[in-house]
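Inspection log for the structure reproduced underneath, given as structure tokens.
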Amino acid sequence: MGNSLADANAFKNAAAQGQVGIDPDAAQTVLNKIRTGKDAIEALLQRAGDLGQAPKLGNNPVGNAIAAKVANRADGGGDSYAAALQNLFQQYEAAESGIVTAMARYHEIDQAAAEPFRNV
């Protein structure tokens with residue numbers, strides 16, 4: 001499986017360079033779904049800090065180690081729940097930006113493609 005964030009950014013860059021255009025009417029449904037998903041992820045991110053609470057497993061070396069590990073997995077390092085949500089949010093942002101740009105470029109690309117036929 002590819003890197004979804006890299007793919008979303010590649011699409012966004014292609015749209016910015018005018019390599020892709022999307023009919024705004026056709027893309028509106030997709031854009032609405034992306035925005036709904038992005039809003040849901042943002043809400044989860046706002047509450048993700050609550051997951052960083054260490055569970056109470058007893059005051060002993062094993063309980064303390066497991067509690068710290070669980071808290072870190074939820075709200076800490078690179079493989080944490082919060083990091084995964086942030087990655088997904090960035091994918092949504094890149095996809096949204098790419099679609100909005102491609103929608104704006106659609107008419108520009110369409111006009112450029114039609115230009116050679118106007119002077120015939």
With every protein chain in place, the chain: carbon and sulfur % of accessible area (1.4 Å): 53 percent
Heavy-atom accessible area per residue - the range 3-88, 1.4 Å, Å²: 65 Å²
Calculated SAXS-style log₁₀ I(q)/I(0) at q = 0.09, 0.16, 0.19, 0.22 Å⁻¹ - the chain, Debye, Cα scatterers: -0.42, -0.83, -0.98, -1.13
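Go through Phe89, Phe117 and list them by solvent-accessible area, largest first, probe radius 1.4 Å.
Phe117, Phe89
The values are calculated or read from the model by the stated rules, or taken from the named source; none is laboratory data. The model shown is predicted, which means the values in this text are computed figures rather than measured ones. The area values use the complete protein model at the heavy-atom level, side chains included, leaving out ligands, DNA and RNA. Shrake-Rupley method; radii C 1.70, N 1.55, O 1.52, S 1.80 Å.
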